[in-house]
Structure formats: C-alpha cells, structure tokens
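Peer 1: Mind looking over this structure? Questions follow.
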Amino acid sequence: MIEYAADPGPGSGRRRPRADFTSDAPRLSLNGRWEFRLAETAAGTGDQLLAADDPGWDTIRVPAHWVLEGHDRPLYTNTAFPFPIDPPRLPAQNPTGDYRRRFDLPSAWPAGRTVLRFQGVDSCATVWLNGRLLGHSKGSRLPFEFDVTDAVRPTGNLLAVRVNRWSSGSYLEDQDMWWLPGIFRDVELLARPDGASDDHFVHADYDAAAGTGELRVDADVPGLVELPELGIRVATGETVRLEQVQPWSAERPRLYRGTLTAGGERIDLAIGFRRVEITDGVLIINGRPVKLRGVNRHEHDPDRGRALDRETMIDDIVLMKRHNVNAVRTAHYPPHPEFLRLCDEYGLWVVEECDIETHGFIYAGWQGNPLDEPEWRDALLDRIDRMIERDKNRPSVIIWSLGNESWTGRNLAAIEDRIRRRDPSRPLHYEREPSYRHSDFFSKMYLDLDELRLIADRAEPTPDGVEAGSDDDHRRRGLPFLLCEYAHAMGNGPGGLSDYQELLESSDRFAGAFVWEWIDHGLTGRTESGEAYVRHGGDTDYRPNGGSYCLDGLLFADRTPSPGLDELKKAIEPVTIMIDPEAGTITVRNRQHTAGLEQLRFRWHTEVDGLPAESGSLDVPDCRPGQRASVPLPRVAPAETGETWLTVTAELAHDQLWAPAGHEIAWAQAQLPGPSTGSGHGLSTTTPELVEGQTTITLGPATFDRGTGSLIDLAGLPVTGPTLDLWRAPTENDRGQGDRNRLAATWQAVGLDRVLHRTDAVHVLDGELVITGRSAPATQPFGVITRFAWRWDGSELRLTVDADPVGPWQETPYGKHAVTPPRIGIRLGLPGGFRDATWFGRGPDESYADSRAAARVGRFTRPIDALQTPYPVPQENGNHVDTRWLQLSGDGLPALRVTGAPLFDFTARRWTSEALAAADHPHQLEDSGRVWLNLDHGQQGLGSASCGPPLPDRYRLPIRPVRYSVMITLD
Ligand code: GAL
C-alpha cells in the first residue's frame with residue numbers, strides 16, 4: 001500500500017513526461033468495460049484487487065467517472081475543500097474504486113518496449129500489472145506512463161488500478177467544478193519499437209517581416225524529419241531556413257504535415273509556423289497585435305462529466321468558431337490532448353492552464369498554501385512538466401498559464417524558471433499574484449468598465465501589497481493585459497458584452513478577454529416520475545455545497561446555445577459593418593488578425609414593417625486587418641408607409657472545416673429614411689361608445705368592473721388586469737454575489753415582489769375612462785400613483801399608463817443604491833387559448849436593455865411556449881425590447897394586437913413571475929391556464945453580478961414618472 005496520504009509527492013515509478021503524438025507504432029486501447037468495486041476507505045478492497053480468480057465484481061465503463069455510473073455521487077463545491085484542511089492528510093472516509101482489466105497482447109505486438117499510458121485519473125491511481133506494483137500518480141488532468149516491458153505477458157494480463165477519490169493531489173485541485181473521481185480519460189498500451197523516439201520538440205518560427213520560417217525538430221534519438229510539402233528532409237536537430245512559408249494562425253490554421261522517423265516508427269507531425277512575442281507591452285503574433293476573443297472552457301458533458309469523446313470536443317470547437325470565438329483558456333487544467341490537436345486543425349488560440357488551484361486555502365487565511373510550501377514544490381513542478389512536455393508541439397498553444405486562484409508563494413519562482421528554461425517561446429500567465437513578477441501579462445477577473453479604462457491607459461491603481469513606483473509597479477504597467485475571466489454567464493445574461501468589447505478593442509494593451517464560462521456544468525437528473533431535468537450542486541444532499549453556481553455557461557449543459565452566446569457572437573464580430581444612411585455609405589472594418597475579406601461575401605436586404613422587400617449583394621473591396629472599406633448604400637425604393645430597415649450581412653464565401661458557405665459572421669441594420677416612419681395609429685375622434693352600467697362600464701369591445709376599474713372582458717375574452725408590475729422573477733445576476741450587489745434581496749426586503757394595489761377612483765372624463773390608484777408594498781411609505789386612461793375611437797382601444805413614483809424610494813437601508821424596480825409596466829391575464837405571438841420589434845430571441853445587440857428589428861412569429869428560455873434555474877427570461885406591435889392568436893380566438901406608443905417590452909408566458917421565481921427547476925412550472933402578458937415601459941438590464949461588478953446605473957430603471965400608451969385592437 002502506498003502511503004501517499006502523508007506524502008505530498010506527485011507519484012512514483014512513472015516514466016519521464018514527454019510529448020503527446022500519434023504514430024504508426026501499434027497501440028492497444030484498454031478502454032471498455034472493466035471490473036469494478038467501490039470501497040469506503042483508501043485501502044480499497046485490499047488484496048482482493050490482485051486476486052486473479054475472484055468472481056463477482058461489478059463492471060464499469062472506462063473512461064468514466066464512477067459517480068456518474070451508479071456508484072456513490074458527484075459533489076460540487078466552488079472554493080471549499082470537501083475535507084478538512086490539514087495538508088497533505090485526508091480523512092479516513094475516502095471512497096476508493098478498485099478497477100481490473102484483463103487483456104492479451106495482439107499477436108503482432110512488436111519487440112521493443114511497451115508503455116502503459118493513462119491520460120487522466122482523478123485523483124490518485126496506484127497501478128499493478130500481473131501483481132507487480134508499477135507505481136502511483138496524482139495530477140488528475142495530466143497523463144502518466146509506466147514502462148511495462150518486463151511485466152506484460154502475451155496473454156492473460158491482469159491490470160489492476162486502485163483509484164482514491166481524495167489524495168494529497170486534491171489539495172492542488174480545488175477548481176470550481178464537480179469532484180468527479182475515476183479513470184476518466186483513455187488507457188492504452190503503446191508499443192515503443194527499438195530505436196523509436198520517445199520525445200521530440202518542434203521549433204517552428206515565423207518571421208513576419210521577411211515572410212520566412214525556420215524549423216528544427218529536436219528529438220531524444222536521431223531521426224529523420226520529412227515535410228514533403230516544403231521539400232524538407234533533414235535530420236533531427238538540424239535547422240532549416242524557409243524562404244517562404246505560410247504562418248499558422250487561428251484564422252488560417254496552416255499546418256504542414258509530415259513525419260519524424262526514428263527506429264521502426266513514423267511519428268505524425270503537424271507543424272504550424274508562428275511567433276509569439278510581447279513588444280512594447282503588446283501581445284504580438286506573427287508581427288501583428290492579436291485580440292483574443294475568448295471563452296473559458298471546462299470539459300463537461302451532462303452524462304459523462306469530464307470524460308469527453310472526440311465528437312463532443314469537435315462540437316465545442318465548431319460552436320466556438322461559429323460564434324466568432326477565436327480563443328480558449330483551458331480553465332483550469334490541461335484538456336484531453338485531442339482537444340488541442342483539434343485546436344491546431346480548426347484554428348483557436350489557446351491559453352493552456354495547468355491543473356493547479358489551491359483556492360480552499362482561503363479558509364485557512366492562506367496558511368499552508370502549497371504554492372508557498374517547499375514540500376509541495378515537486379508536486380507543482382511535476383504538473384507543470386507534464387503539461388509543457390505533453391503539449392509543447394501544439395501551435396495553437398500560445399500562452400502557458402501556471403494555474404488558477406492559488407494566491408502566491410515561494411514556489412512560483414521555481415515554476416516560472418522551469419518553464420522559461422524549457423520553452424522560452426511562449427509567454428506565461430498567472431492572475432492571482434499581485435506583483436505579476438512571474439507573469440508576462442497583467443491579468444484580472446470580473447473588472448468593471450471604469451477599472452478597464454484605467455488599464456487601457458496603463459493607469460491602473462497599484463495592486464495591494466505592491467509599492468507604488470517600485471520596479472514591480474513599473475514592470476506591470478508595461479505588460480499587456482488579459483481579462484482572464486469576465487461576463488459571468490450564469491442564468492439570464494451576461495449583459496454588457498458590447499460595452500466590454502468596445503473597450504477591449506480600443507487599446508492594444510488588451511490582449512483579450514475570456515468569458516466565464518463556456519458551458520453549464522449541469523448533470524442529467526431524473527425526477528421520481530422519470531422526467532429529465534438539469535441537476536446542479538444543490539440537488540445533491542451534501543455540505544458544503546456550491547449550489548447552482550456550476551451553471552454559468554454560454555451553453556446549456558446539453559450544448560444548446562443560450563441567448564448569451566448569440567449576444568457574444570454579435571459583440572465580438574471579426575468584421576464590423578457600419579451603415580450610415582445619411583452619408584449613404586456602408587463601411588466594413590476588418591478586425592481580424594490575419595485574414596482579409598476574401599473569405600467573406602456581403603449581402604443586403606430590406607424589410608418594410610418586417611416584411612421582405614428588396615435584396616442584393618454588395619461588392620466590398622478587400623481590406624487588410626485593421627483597415628476599413630466603404631461602399632455606397634444600395635439604391636432602395638422608399639416605401640410608401642412603414643419602417644424600412646436595411647440589413648447587411650457578411651457570410652462565409654466558401655465552406656470551412658467548421659461551417660458551410662453562407663454561415664453568417666457579422667451583420668448590421670439601419671432604418672432608412674422614408675415618407676412615414678410612424679405607426680399610423682393616430683387617434684380619430686369617432687363618438688366614444690361608453691356605456692355605464694350598474695356594475696360595469698363598457699367602452700367599445702372592453703368591459704370594466706365599475707368598482708375596481710379592472711378590465712374584465714375584451715370582445716368576449718375573459719381578461720384580468722391591468723395591474724402595475726414593478727418586479728420580475730430575479731435572475732441569478734439580480735441575486736448577485738457579496739455585498740456589492742443586492743438587487744433581488746432589496747426588492748424582496750422592501751416587498752416589490754408583493755405589491756398591493758388600490759383603486760382610488762373610476763371616472764369618465766371627456767369620453768375617457770380614467771382609473772386612478774396607488775400601488776405599493778406593505779410596510780413601505782413609498783409607492784407609485786397610477787392612472788390608467790382608456791379611450792375607444794371606434795376601431796382601437798387606447799390605454800395610457802401614468803406611473804408616478806411617490807415617497808422615499810431613494811432612502812433604503814440596503815446598501816448605497818436606491819430601490820430601483822426591475823420592471824415598470826402592466827400585467828394582463830388572458831385566456832390560455834392564445835398560442836402564438838407575432839411581433840414587429842427586436843427578436844427572435846430574448847433581449848434586454850444591456851443585451852440586445854444580437855436581436856434584430858424584424859417581424860417574428862413564435863409559439864408562446866417557445867418564447868421561454870429554459871434556464872435550468874427558473875428566472876426572468878423571454879423579454880423583447882423595442883416592440884412596435886405584438887399580436888397574439890389562438891384557435892377560435894380573435895387575434896389580439898397591441899401597438900405601442902412609444903415602443904414597449906413584452907413577455908408572455910403561461911405562469912406568473914411569482915410562479916417562475918418559486919420554481920427550483922423548469923419541470924415544476926405548471927400551465928396556469930392563462931397567458932400572462934406583460935406590456936412594459938421597460939425592464940432593467942441583466943449585468944453579470946452573480947460574479948462581477950454591479951449592474952451599471954444606466955441599465956437600471958430610474959425612479960421618475962413614466963407615461964406610455966398601448967393601442968389594442970381585435971380581429
Ligand atoms: C473565478 C474562478 C472560476 C469560477 C468563477 C465563478 O473566480 O476562477 O473558476 O469559480 O470565478 O464562477
């Protein structure tokens with residue numbers, strides 16, 4: 001039994017780390033069904049593991065996590081260690097999986113050495129082959145190998161692996177994610193023919209000024225390097241100068257394929273020529289500043305956890321490329337090596353991060369933090385070595401990131417030194433160390449725009465713990481900046497992406513930014529009745545528990561893009577199109593790094609009131625990165641009435657690996673001047689049909705309750721409302737994090753979620769039915785005076801809403817902000833028979849004040865049920881800003897059309913906001929039998945305060961009088 005528990009060391013008996021590569025040497029995959037038993041302590045099943053004839057074991061698939069295969073359960077914590085902080089020791093309760101695999105060697109297995117490779121085991125593996133102990137290894141997301149030449153037999157091999165859920169290595173793996181033990185990446189046996197090269201290092205440099213390249217492939221044994229396309233046939237270690245070569249970039253991932261032959265093996269080479277430099281505080285690749293428009297990617301699948309297959313990796317990359325993402329930070333560990341091979345091929349800039357995070361030491365005041373303790377040095381360096389050695393030949397990897405959120409300490413210098421000596425060609429990133437002495441980037445997370453503006457000017461405040469004017473202070477100001485996490489994509493959001501992008505594009509100091517994060521870490525759950533739902537941390541009975549904080553991605557857990565991803569795609573367009581109707585021009589700005597516009601074709605079309613009118617293509621002259629090209633606006637015949645909108649799109653001209661020709665990359669819209677842009681809904685002065693009855697008042701098709709002034713019937717349709725609505729089902733961003741953001745808590749504390757309404761008067765004035773009243777929460781001295789004025793002109797019913805805040809809204813005991821309501825509008829209850837919504841405004845997907853760039857002006861039709869965005873934690877969703885008109889229809893019902901003056905926001909759903917807020921999971925939302933329609937003057941923005949700055953004031957609803965009108969017609 002290996003006493004790893006008392007040992008912070010990284011492992012024993014393993015081979016030296018080396019480059020990952022594919023070759024023609026025989027390989028035997030040991031993936032598949034293994035025998036399996038789970039025990040409660042680190043001792044596992046004891047000697048039973050090695051007993052050759054011991055029947056009655058369960059079986060389990062490999063690669064997989066046992067907690068997702070019906071054994072024990074997955075746990076989720078954000079920063080908390082699920083064990084006491086007493087490094088490197090662990091509790092006796094340490095679920096341990098004993099695994100066994102029997103195998104024979106294929107008959108043609110060559111002479112030479114045989115290597116057993118594990119691509120990833122979480123968290124500590126002890127390995128025996130045929131009863132012989134090979135060694136053990138920690139470092140879950142990194143490979144390890146044993147030389148098994150002397151232990152392996154032609155037939156009847158028994159491979160036995162004991163996997164402990166917790167080990168000293170767990171102290172270095174406190175990333176914000178599920179704790180998922182098991183053999184979760186491939187296991188394979190590799191033949192190493194005599195004389196074969198175990199390790200090689202490709203040095204492929206590109207000189208942008210000269211257009212030349214330089215290649216040298218170093219190897220541990222002499223070999224032959226062949227790249228037929230470049231006419232190269234040289235010995236390893238020899239430098240070749242190339243007069244002309246095409247560089248590798250994320251936009252044009254030019255790989256030169258060839259081989260390295262040594263002994264009896266041909267190794268595949270996929271070489272990308274490129275140069276990464278930092279010059280004058282700017283990240284330069286191939287001679288040009290680069291802008292990383294990135295995402296943080298965890299490996300996640302709702303059923304397989306971090307055991308991803310190749311198709312899923314490709315899905316991720318294709319989705320990223322199709323959404324204009326050009327960079328990935330492998331948060332917070334090296335991914336499966338195949339993912340990086342695919343990044344080389346498809347083209348993504350990669351910041352590869354090491355599997356190091358000691359975040360939970362924050363609860364010990366950082367006392368004993370492994371980053372600072374000499375006894376952990378080897379374990380840290382081992383992880384660094386295994387990352388660098390494995391992935392050093394990947395052109396996509398442009399930056400090494402030392403780890404995440406591990407504060408600082410004495411071992412950082414050794415880590416830095418280790419990487420610089422081995423690979424001086426890539427800059428280093430580490431965010432959490434205030435001096436930034438060991439990082440080539442200044443880097444932060446979740447900054448607000450004001451903080452970023454200062455950084456753009458290299459005028460940021462000196463970090464705490466650093467002396468102003470010191471060498472560190474000067475050096476840091478000279479570094480490029482990476483916003484390694486921002487725009488926390490939890491629930492509905494993030495808002496503000498366009499604001500961030502505008503700023504990020506404004507300074508070359510900004511090397512780029514990475515949205516947190518790519519995908520929700522939701523797991524497939526089943527209710528007792530078998531209904532599927534998305535399970536998060538809070539659905540496991542375990543403490544400490546990170547709750548739903550693992551659901552903060554741009555993709556839902558099943559990889560369906562959320563509206564946030566479309567918003568990101570729009571915000572980070574690599575070409576921007578500006579339409580200037582007054583100047584009569586369309587200007588295209590090329591924001592790419594390498595490519596001209598030759599891969600794109602441009603089209604335009606017009607719509608009048610959302611209906612297609614004219615279309616054509618645009619001949620935009622090519623222009624280099626950083627430059628603009630302009631063309632005249634197409635000649636469009638002005639429409640007689642209505643709004644004419646011109647849309648210009650840029651799409652792929654040819655098929656790419658990641659999308660077919662015609663895939664849209666960028667677009668812009670502008671309203672063209674026309675003879676009439678109004679809605680055409682002026683009020684006529686037809687005699688009002690107002691009839692006052694005993695208990696009701698009728699006005700055209702509308703019947704009101706005489707006492708309350710509520711609308712009760714509309715042309716035979718039972719209706720409730722309108723009531724003033726000041727609340728929305730809080731989003732997770734409304735709930736915020738920490739004291740900086742208490743929006744939802746404030747609404748709840750003051751009672752915006754339970755506003756009481758009063759009618760003061762119902763009277764008829766100049767043919768208008770006027771209902772005045774007051775809406776306010778219990779306990780509070782403040783409220784809103786309401787005035788609903790109804791008028792019927794013979795064809796349409798016009799409601800004018802006045803909402804005047806009264807009382808001390810500004811004085812709240814809840815932090816520095818006044819109470820600002822998330823919504824100001826009215827709510828109507830309509831018959832449940834309404835099924836479809838058609839509207840002219842922004843769509844088709846949801847939009848909010850600070851998340852509306854991806855929503856175009858047009859005419860859209862959707863079933864009401866499809867207007868709901870199924871956030872796995874129910875919350876406000878499905879809003880549409882800038883609505884001109886909305887029509888609801890359903891079988892056997894008159895169509896109900898609402899036209900705004902001015903534009904309005906709408907949501908329509910089969911449950912109320914209260915029901916939405918009360919549900920824990922979408923499957924708990926029940927059709928109330930009504931359609932609840934909100935016609936709002938506005939809603940506040942989304943922000944990303946679930947981890948980040950508070951929602952900027954300009955996206956809140958100010959406390960001031962509001963007036964707007966809606967016109968209702970029935971067909
Ligand atoms: C960061 C951290 C991420 C994640 C995020 C919040 O501080 O690096 O791993 O926890 O916050 O979702």
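Peer 1: Going by a ≥ b ≥ c, the root eigenvalues of the Cα gyration tensor, does the stretch 578-662 fall in the rounded group (a/c under 1.5), the prolate group (a/b larger than b/c) or the oblate group?
Peer 2: Here the stretch 578-662 falls in the oblate category.
Peer 1: Using each residue's phi in the stretch 438-445, evaluate 6.51 cos²θ - 1.76 cosθ + 1.60 at θ = phi - 60° and report the 3J(HN,Hα) Karplus result to the nearest Hz, with x for Gly and Pro.
Peer 2: With coefficients 6.51, -1.76 and 1.60, one gets 9, 10, 8, 10, 7, 8, 8, 10 Hz.
Peer 1: Measure off 7 Å from each Cα along the Cα-to-Cβ vector at Asp558 and Ile85, then give the distance between these two points in nanometres to one decimal.
Peer 2: If labels sit at Asp558 and Ile85, their model points lie 4.0 nm apart.
Peer 1: Name the long-range amide H neighbours of Ser249: under 5 Å, sequence gap of 5 or more, or other chain; modelled H, no Pro or chain starts.
Peer 2: Amide H to amide H, under 5 Å and 5 or more residues apart or across chains, Ser249 pairs with Arg254.
Peer 1: For n ≥ 4 DSSP H runs only, could you compute -39500 (n - 2.57) per run for the chain, divide by its residues and tell me the 222 nm figure to the nearest 500? All intermediate terms of the calculation are to be shown ahead of the outcome.
Peer 2: Details: 11 runs with 100 residues, N = 971.
It lands at -3000 deg cm²/dmol.
Peer 1: Continuing with the same structure: Please compute the volume of the convex hull spanned by the alpha-carbon atoms of the stretch 747-802 and report it per residue in Å³.
Peer 2: Here the figure is 83 Å³ per residue.
Peer 1: For a label point 7 Å from the Cα of Ala778 along Cα→C-beta, name the residues of the stretch 740-771 whose backbone N is under 17 Å from it.
Peer 2: From the stretch 740-771, the list is 747-758.
Peer 1: Also: Which far-off residues, 5 or more places away or on another chain, put their amide H under 5 Å from the one on Ala25, with H placed in the peptide plane?
Peer 2: Hits under the 5 Å cutoff: Arg266.
Peer 1: Using each residue's phi in the stretch 452-466, evaluate 6.51 cos²θ - 1.76 cosθ + 1.60 at θ = phi - 60° and report the 3J(HN,Hα) Karplus result to the nearest Hz, with x for Gly and Pro.
Peer 2: 5, 4, 5, 5, 3, 8, 6, 10, 5, x, 5, x, 4, x, 10
Peer 1: May I ask you to list the residues of the stretch 612-637 whose amide nitrogen lies under 14 Å from a point 7 Å from Cα along the Cα→beta-carbon direction of Ala583?
Peer 2: Counting only backbone N, you get 628-633.
Peer 1: Just to be sure I understand the model, the point goes 7 Å from the Cα along the line to the Cβ. What's the resulting Ser12 to Ala414 distance in nm?
Peer 2: Going by the 7 Å Cα→Cβ label model, 2.0 nm.
Peer 1: Taking the Cβ-Cβ separation of Ala92 and Arg27 as r and a Förster radius of 30 Å, what is the calculated FRET efficiency to the nearest 0.05?
Peer 2: So the FRET efficiency works out to roughly 0.15.
Peer 1: Still on this structure, please answer the following. If you keep only loop residues by DSSP, which GluC sites (Glu not before Pro) in the stretch 584-620 have at most 15 other Cβ atoms within 10 Å of their Cβ?
Peer 2: Glu598
Peer 1: Still on this structure: Give the angle, between 0 and 90 degrees and rounded to the nearest 10, that separates the Cα long axis of helix 411-422 from the longest principal axis of the Cα atoms of the chain.
Peer 2: Helix 411-422 sits at roughly 70 degrees to that axis.
Peer 1: Which of His763, His359 comes first, and how do the rest follow, when ranked by fewest Cβ neighbours within 10 Å?
Peer 2: Ascending number of Cβ neighbours within 10 Å: His763, His359.
Peer 1: Also: Give me the one-decimal nm value for the distance between modelled label points at Ala866 and Ala761, 7 Å along each residue's Cα-to-Cβ direction.
Peer 2: Label at Ala866, label at Ala761, 4.8 nm between them.
Peer 1: Output wanted: per-residue J couplings in Hz (rounded whole) for the stretch 178-186, from phi through Karplus 6.51 cos²θ - 1.76 cosθ + 1.60, θ = phi - 60°, x for Gly and Pro.
Peer 2: Listing the rounded values in order: 5, 8, 10, x, x, 7, 10, 10, 4 Hz.
Peer 1: Residue separation times 0.36 nm, minus the C-alpha to C-alpha distance between Asp309 and Arg835: what's the value?
Peer 2: In short, 185.4 nm is gained.
Peer 1: Charges on Cβ only, +1 for Lys and Arg, -1 for Asp and Glu, centred on the Cα centroid of the chain; of Asn934, Phe184, Leu483, which one is farthest towards the dipole's positive end?
Peer 2: Positive-end residue among those listed: Leu483.
Peer 1: Rounded to the nearest 0.05, what FRET efficiency is calculated for Asp72 and Val631 with R0 set to 41 Å and r the Cβ-Cβ distance? Spell out each step's value before the answer.
Peer 2: Numbers: r = 63 Å, r/R0 = 1.53.
The value I calculate is 0.05.
Peer 1: Next question. Taking trypsin sites (Lys or Arg not before Pro) that fall in a DSSP loop and have at most 10 other Cβ atoms within 10 Å as cut points, what is the longest piece of the chain between them? Write out the running numbers ahead of the final one.
Peer 2: On the way: sites that count: Arg635, Lys816.
Excluding the exposed sites themselves, the longest stretch runs over 1-634.
Any read-out appearing in this document is the output of simple, stated calculations on the displayed coordinates, not a laboratory observation. The shown structure was predicted, so the numbers you read here are calculated from the model rather than taken from an experiment. Neighbour counts run over all protein chains shown; Cβ positions are idealised from the backbone, glycine included.
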